[in-house]
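The values are calculated or read from the model by the stated rules, or taken from the named source; none is laboratory data. Predicted, not measured: the structure shown is a model, and the values here were computed from it. Positions of Cβ are generated from backbone atoms using ideal geometry, with glycine treated the same way; all protein chains shown enter the neighbour counts.
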Amino acid sequence: MTRKSIFINALVLLISVTSVFSAAGKVYLVIASDTAIWDGMSTSEFNCTYNASLYTNPDMNAYKVMNTAFREQFKDSYGQPIKMTWYMMGGNIFRYATNRNFPVPNTMTLYLMKKYHGEAVQQTGDELSIHYHTFAWTDYDNDGKWYWNQALDFNECRDDFDFTLCQYLLEEETFPVSFRSGWHYMDNHWQHYLNEIMPYSLHNDYPSDRIDTVEPLDNTSHWAQASSKWTAYRPSDENYQLPGNGAGFIVRSRHFNSFKANGLLDQIFAEADTGADQIVCIWGHLPETDFLTNIEKIDNLAHLAAVKYPNVKFSYCTGIEALQKYRNATDFTAPILTFESETVSDSVYLMVRTDEPIFQRVPFIAAKDVYENYFIVPCEPTGTNEWRSMKAVDKNFIAKVGAVVCDTLGNQSMKFIKFRPDDIYIDNLENGYSEIRGNWAQSIKNSWGTDSRIATIATGDTALVRWIPEIIQQSNYGSFAF
């Protein structure tokens with residue numbers, strides 16, 4: 001064999017080895033929290049009263065996990081600090097809470113996260129979305145004891161789910177692109193509906209197959225027929241557990257503890273090493289005492305697997321980012337959304353236009369009236385990428401409407417029209433609050449936010465405070481003090 005042929009053979013071998021190395025897949029890790037408030041939650045109480053300290057107390061998990069120094073400890077193969085996806089629980093058991101220390105009880109978890117950690121969420125690139133449990137106040141066994149049971153079917157909760165979607169959109173300007181169901185419960189009706197309004201579901205809980213029969217019912221789910229692979233699939237309309245022609249994608253997920261015990265990340269990296277991209281949702285609950293240490297352990301396991309499989313790189317992503325990367329997306333621009341109203345006498349019609357096709361069958365339009373009823377406004381196509389509300393809303397009673405769309409990759413746009421001004425809240429920490437007379441002291445009792453002010457009044461004395469709202473729209477306002 002000549003020196004030239006040896007060189008050519010070596011070059012062919014080098015090219016072959018290089019091609020094998022470059023064929024390794026990537027691992028997209030979604031670190032998520034199904035985020036509720038447990039302090040005050042009771043499935044035996046129709047009207048619960050919740051303690052917000054999980055979000056407001058600097059010594060508790062929300063502040064700690066948002067700390068930049070904490071995040072910087074955990075970086076992926078590209079040097080990117082860990083990102084979180086926050087699935088914020090709302091609906092039913094929160095909707096009927098007695099709390100009056102934030103604007104809307106139903107959206108309290110999202111409101112608190114945004115109020116106290118909104119800047120941190122933006123800085124870290126975290127994702128805010130919705131987590132929904134199919135609670136229903138029922139007595140299925142007819143023993144006279146009512147509970148917030150897990151509903152037997154999504155349709156029992158459909159109205160509440162729609163109500164919650166409307167409130168999240170109109171009050172917190174949040175609508176899910178990625179979503180996780182409570183207890184990982186799913187049925188064909190619900191998944192089919194999700195496939196009409198949002199593209200990504202991260203709640204495949206293979207191999208779980210559980211039925212609870214003792215009230216209060218919870219943790220019923222069926223995923224035994226689903227794929228065991230850590231890849232995304234489009235669900236069948238006939239069986240959400242199986243691949244089909246559904247518009248959305250479903251991703252497998254497991255709790256932190258599942259990864260700590262049985263070498264799952266090793267298996268995932270090994271599969272990626274064969275050339276198949278892997279997408280993984282690893283979740284916990286923000287109130288868990290070991291929530292922070294579990295994040296540390298998952299990061300350690302990911303780096304150990306990366307050392308074992310050096311050709312495989314892993315990336316910390318939000319739910320949306322992970323699916324977009326998995327799908328090799330190149331378009332990250334949200335649709336240009338036009339949202340307008342047309343008034344005919346006392347009737348208001350709503351029109352939506354976009355500059356490109358959208359994922360949803362039709363845009364999601366939510367409305368709020370002056371009595372704080374929330375409802376979906378159905379619409380129908382009137383042309384290419386154009387829609388109009390099927391029924392009018394009464395201009396004398398409508399307060400606010402919002403429209404939201406996303407493209408087929410999950411890039412989202414939303415717009416709002418206000419027919420009445422938004423509510424204005426002035427706390428003792430706001431600029432519009434001032435104390436005019438009296439001996440005022442700080443208190444944590446009966447507080448809106450983290451504290452309140454209390455005055456001790458002697459006989460013949462008075463105490464006086466002043467609230468000055470910033471009025472930006474002329475209207476009639478009602479005033480309420482708490």
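So ASP162 fits all but one of (1) under 18 Å from the mean Cα position of the chain (by Cα); (2) assigned to a loop (DSSP other than H, G, I, E, B); (3) not aliphatic (A, V, I, L, M); what number is the exception?
Here ASP162 clears every test but (2).
Identify the single condition in (1) without any contact (Cβ under 8 Å) to a residue 40 or more places away in the chain; (2) surrounded by 16 or more Cβ atoms within 10 Å (Cβ to Cβ); (3) more than 18 Å from TYR87 (Cα to Cα) that ASN294 does not satisfy, given that it satisfies every other one.
Of the numbered conditions (1) without any contact (Cβ under 8 Å) to a residue 40 or more places away in the chain; (2) surrounded by 16 or more Cβ atoms within 10 Å (Cβ to Cβ); (3) more than 18 Å from TYR87 (Cα to Cα), the odd one out for ASN294 is (3).
This table checks each residue for (1) touching a His at 6+ places or on another chain (Cβ under 8 Å); (2) within 30 Å of ILE358 (Cβ to Cβ).
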{"position": "TRP190", "(1), (2)": "no, yes"}
{"position": "ASN195", "(1), (2)": "no, yes"}
{"position": "SER201", "(1), (2)": "no, yes"}
{"position": "TYR206", "(1), (2)": "no, no"}
{"position": "ASP209", "(1), (2)": "yes, no"}
{"position": "ASP212", "(1), (2)": "no, no"}
{"position": "GLU215", "(1), (2)": "no, no"}
{"position": "ASN219", "(1), (2)": "no, no"}
{"position": "HIS222", "(1), (2)": "no, no"}
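For ALA403, work out the one condition from (1) at pLDDT 85 or above; (2) surrounded by 14 or more Cβ atoms within 10 Å (Cβ to Cβ); (3) part of a loop (DSSP other than H, G, I, E, B) it doesn't fulfil.
Condition not satisfied by ALA403: (3).
May I ask you to list the residues in the range 428-472 that are farther than 17 Å from ASN57 by Cβ, part of a loop (DSSP other than H, G, I, E, B) and of a type in the set (Asp, Glu)?
Matches in the range 428-472: GLU430, ASP461, GLU470.
Which of the residues that make up the range 370-408 are more than 28 Å from the chain's Cα centre (by Cα) and of a type in the set (Ser, Thr, Tyr)?
THR382, THR384 - these are the residues of the range 370-408 that are more than 28 Å from the chain's Cα centre (by Cα) and of a type in the set (Ser, Thr, Tyr).
From ALA306, ALA270, grab the single residue that is part of a helix (DSSP H, G or I), in contact (Cβ under 8 Å) with a residue 24 or more places away in the chain, surrounded by fewer than 21 Cβ atoms within 10 Å (Cβ to Cβ) and in contact with a strand residue (DSSP E or B) (Cβ under 8 Å, 6 or more places away or on another chain). If you could, list the steps in order and put the result at the bottom.
Working: ALA270 fails: in contact with a strand residue (DSSP E or B) (Cβ under 8 Å, 6 or more places away or on another chain).
Residue meeting the stated conditions: ALA306.
Report yes if some residue within the range 442-453 is of a type in the set (A, V, I, L, M, F, W, C) and either at pLDDT 80 or above or closer than 30 Å to ILE336 by Cα (or both); otherwise report no.
Step one: filter the range 442-453 for residues of a type in the set (A, V, I, L, M, F, W, C), giving 444, 448.
Narrowing the set further to residues that are either at pLDDT 80 or above or closer than 30 Å to ILE336 by Cα (or both) leaves none.
There is no residue in the range 442-453 that is of a type in the set (A, V, I, L, M, F, W, C) and either at pLDDT 80 or above or closer than 30 Å to ILE336 by Cα (or both).
Within the range 334-353, which residues are of a type in the set (Gly, Ala, Ser) and in contact with a strand residue (DSSP E or B) (Cβ under 9 Å, 6 or more places away or on another chain)? So that I can check it myself, show each step before the final result.
Of the range 334-353, the ones of a type in the set (Gly, Ala, Ser) are 334, 341, 345, 347.
Matches in the range 334-353: ALA334, SER341, SER347.
Hey, can you tell me all the residues within the range 67-80 that are over 22 Å from the mean Cα position of the chain (by Cα) and either crowded, with 20+ Cβ neighbours inside 10 Å or small (Gly, Ala, Ser) (or both)?
ALA69, ASP76, SER77, GLY79
Suppose we filter LYS64, LYS83 for residues that are exposed (fewer than 15 other Cβ atoms within 10 Å of the Cβ) and either touching a residue at least 40 places away in the same chain (Cβ under 8 Å) or assigned by TED's automatic domain parsing to the domain that holds ALA305 (or both); which single one remains? Spell out the reasoning first.
Values: LYS83 fails: exposed (fewer than 15 other Cβ atoms within 10 Å of the Cβ).
Selected residue: LYS64, the only one of LYS64, LYS83 that is exposed (fewer than 15 other Cβ atoms within 10 Å of the Cβ) and either touching a residue at least 40 places away in the same chain (Cβ under 8 Å) or assigned by TED's automatic domain parsing to the domain that holds ALA305 (or both).
Regarding the range 194-204, can at least one residue be identified that is in the same structural domain as HIS133 (by TED's automatic domain parsing), surrounded by fewer than 18 Cβ atoms within 10 Å (Cβ to Cβ) and farther than 26 Å from SER44 by Cβ?
Within the range 194-204, one or more residues are in the same structural domain as HIS133 (by TED's automatic domain parsing), surrounded by fewer than 18 Cβ atoms within 10 Å (Cβ to Cβ) and farther than 26 Å from SER44 by Cβ.
Consider the range 101-142. How many of its residues are buried (at least 23 other Cβ atoms within 10 Å of the Cβ), of a type in the set (Ser, Thr, Tyr) and assigned to a strand (DSSP E or B)?
2
What is the one condition in (1) closer than 24 Å to TRP86 by Cα; (2) among the hydrophobic types (A, V, I, L, M, F, W, C); (3) in contact with a Ser or Thr (Cβ under 6 Å, 6 or more places away or on another chain) that LEU337 does not satisfy?
Every listed condition holds for LEU337 apart from (1).
Given the residues LEU323, LEU337, LEU301, which is the only one that is closer than 30 Å to VAL393 by Cβ, surrounded by 17 or more Cβ atoms within 10 Å (Cβ to Cβ) and touching a residue at least 24 places away in the same chain (Cβ under 8 Å)?
LEU337 is the lone residue from the list that is closer than 30 Å to VAL393 by Cβ, surrounded by 17 or more Cβ atoms within 10 Å (Cβ to Cβ) and touching a residue at least 24 places away in the same chain (Cβ under 8 Å).
So which residues in the range 77-92 are touching a strand residue (DSSP E or B) at 6+ places or on another chain (Cβ under 7 Å) and either small (Gly, Ala, Ser) or not in a strand (DSSP E or B) (or both), if there are any at all? Lay out the reasoning, then the answer.
From the range 77-92, those touching a strand residue (DSSP E or B) at 6+ places or on another chain (Cβ under 7 Å) are 77-78, 80-92; that's our starting set.
Answer for the range 77-92, where residues must be touching a strand residue (DSSP E or B) at 6+ places or on another chain (Cβ under 7 Å) and either small (Gly, Ala, Ser) or not in a strand (DSSP E or B) (or both): SER77, TYR78, GLN80, ILE82, LYS83, MET84, GLY90, GLY91, ASN92.
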